[in-house]
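Since every read-out is calculated from the coordinates, none of them should be taken as a lab result. Since this is a predicted model, take the numbers as computed values, not measurements. Backbone-built Cβ (ideal geometry, glycine too); neighbour counts: all protein chains shown.
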Amino acid sequence: MLVADRVAQLYGQLPLGIAASFALIIVLAYGLRDSRQTWMVGTWAAMALVINVARGILWWSYQRGERGSSDAEQWMRWLAIGTLANGTVWGVLAGLFFHLQPAQENLFMLLILAGVLVGGIAMYAASWPLYALYGAPVILLFTYNLMAHELEALQALAVLVPVFYAACVGVAYRLNQLFLSGFRSQHAFRRLNTEYAALNKRLARQLEELSDARAQVEASGRKLTLFVEGSPLAVFELDPRGLALHTNPAAENLFGYAASELNGRAIAEFLFTPEQRIEIAARWREMLGSRRPVMLLGQPTRRRDGNAIVCEWSLTPLVNAEGRVISIIVQGSDITQQREAERLKQEFTSTLSHELRTPLTAVIGALQLVNSGALGVSGPEACEMTEIAERNSQRLLDLINDLLDLEKIESGKLPVALQPMPLDELLRESLVLNRAFADRFKVHLELLGAMSPARVYVDRRRMLQILTNLLSNAAKFSPEGGIVEVTLQDLGAGLRIAVHDRGPGIPADFHSKIFNRFAQADMSLTRKKGGTGLGLAICKRLTELMGGKIGYDDRPGGGTTFWVELPKYTAGSA
């Protein structure tokens with residue numbers, strides 16, 4: 001890159017050097033017009049003009065040509081040839097004419113040559129080797145002629161001319177170093193300017209991104225503020241010490257305290273008893289240590305008026321990039337009415353158990369006695385009516401039992417006695433127990449494939465309840481004369497029971513509801529076959545209670561496969 005800069009500097013001064021050369025050639029030709037060697041003067045002047053014209057053509061070519069750093073060396077070589085030719089012209093002048101002229105003309109020529117050497121310093125300051133190449137033929141020929149002159153004074157001058165040349169070369173070298181330093185500074189400045197421009201672009205881009213991020217943060221802040229202020233839940237923002245930073249209107253309405261009363265103070269002192277605060281402080285330290293949300297369920301909470309309500313609290317720490325908790329968002333919801341509703345539901349369940357199921361069992365028993373003929377033979381119409389009454393009473397009892405089971409499961413009060421049991425035996429037993437039910441629908445239950453002897457950790461009664469529900473559903477919805485196939489597959493870590501039927505299948509729009517309460521895909525078919533719509537919901541909850549999972553798949557050619565997967569029992573799994 002420095003070579004290209006030096007070449008540009010040298011070629012930039014070339015037109016001035018060519019013009020000066022033309023002027024000196026004309027002056028010398030005019031001054032030597034009366035010389036005895038006029039033809040030699042003419043020849044020298046013509047040669048000098050041709051060389052300088054060639055140098056002009058070189059300059060013009062450089063202006064029109066490529067100036068890349070890869071071409072700089074070639075342009076420097078061409079310039080060196082032109083420089084040597086130009087120096088040779090002035091050397092020839094000194095060699096041919098100096099000893100042939102009178103003393104006053106020799107002095108004139110000496111001044112001209114000295115000016116040519118000194119002026120060359122400025123012309124070739126960007127490259128001292130070029131200056132040395134330019135002055136060498138002048139000095140060599142001039143020194144030779146001085147030493148060969150008959151005058152002793154000029155011979156003595158021959159010793160000083162090389163010294164003068166060396167001094168000029170030294171000055172050119174020093175100027176060359178200054179030029180190189182300037183070129184390096186210029187390159188450094190350009191590089192810094194480029195880097196500064198790139199830095200400015202990056203800074204502008206980062207400022208724009210920062211502005212966008214700020215706008216997004218402000219928008220998120222406004223949304224969060226609107227959410228907090230309009231939330232129906234009580235929301236507090238607390239610092240890590242538990243002091244309130246912000247209180248939303250819902251919290252003011254729920255607990256009866258103004259935000260100005262709570263902000264800056266520990267809200268636990270207002271809402272909880274001293275005994276509760278000990279437990280809450282432990283959970284608070286746990287949350288700050290783990291930096292994970294904490295739930296406080298069913299906490300009795302005091303209002304300002306002294307009334308107690310039951311609240312459900314969630315504590316969510318806000319953590320910055322350094323992992324430090326900066327604040328905690330606390331949300332509280334009043335679940336007093338929900339708890340009351342659960343209590344009423346439990347009372348309703350208890351009423352069903354004692355006030356409905358017991359007398360209904362007695363009614364079914366009485367109807368069974370009548371239908372068996374133990375109380376005498378009734379007429380055909382009476383028998384038909386009592387059989388209808390018995391079936392519907394049994395259906396009502398099944399519904400009550402299913403509801404009771406489901407409520408017990410969801411409230412966590414259903415007793416489950418888990419023990420290791422061979423699943424293949426349970427499967428065979430369930431087929432025996434449900435074969436009579438399947439015969440009512442003219443459907444055959446068939447066990448296929450090999451039975452794995454592996455055991456599972458289940459409640460025997462609840463497992464038979466699950467299998468009965470699946471087999472009875474498959475039998476009810478299979479066509480008359482159909483076969484319900486039952487398989488037991490060993491999955492390695494667990495066992496899968498699958499019940500395959502050829503029924504109408506499950507509509508696509510009903511897939512997401514199949515395990516919901518009272519879920520029945522085809523109500524007309526369900527009414528005809530019977531059912532409460534609770535069986536699959538109970539199966540799902542019982543299966544999950546015993547650590548398994550339940551699902552279904554559509555069968556190719558029509559029908560459905562319901563399956564239950566249970567983990568195998570191992571000595572350490574109980």
* **Extension reserve of the E355-R339 stretch, reckoned as 0.36 nm per residue once the Cα distance is removed** => 3.4 nm
* Asked: Any idea how far apart T561 and R460 come out in nm if each label point goes 7 Å out from Cα toward Cβ?
  -> 3.0
* Asked: Mind checking the dipole of the range 419-567: about its Cα centre, +1 per Lys or Arg Cβ, -1 per Asp or Glu Cβ, Debye to the nearest 20?
  -> 540
* Using a simple spin-label model with points 7 Å from Cα along the Cα→Cβ vector, what separation in nm is obtained for L288 and L111? -> 9.9
* To do: Distance between Cα centroids, the range 425-489 to the range 268-288: provide it in whole Å.
  => 53
* Would you mind ranking T194, T336 by Cβ crowding within 10 Å, fewest neighbours first? => T194, T336
* How big is the range 231-334 in terms of Cα radius of gyration and Dmax, in angstroms? -> 13.0, 42
* Structure fact -> Quarter of the surface of the C-alpha convex hull for the range 386-463, i.e. direction-averaged projected area in nm², equals 7.0
* Calculate the spin-label point distance for M295 paired with A20, positioning each point 7 Å from the Cα along the beta-carbon direction, and give it in nanometres. => 9.5
* Structure fact -> Surpassing 25 Å at the alpha-carbon level, of the pairs K413/K476; K442/K568; K413/K540; K345/K568; K442/K513, are K413/K476; K442/K568; K345/K568; K442/K513
* Asked: If we sort 136-144, 307-315 on the protection proxy, mean other Cβ atoms within 10 Å, highest first, what's the order?
  -> 136-144, 307-315
* Structure fact -> Given unit charges at Cβ for Lys, Arg (+) and Asp, Glu (-), the dipole magnitude of the range 403-492 about its Cα centre in debye, nearest 20, is 240
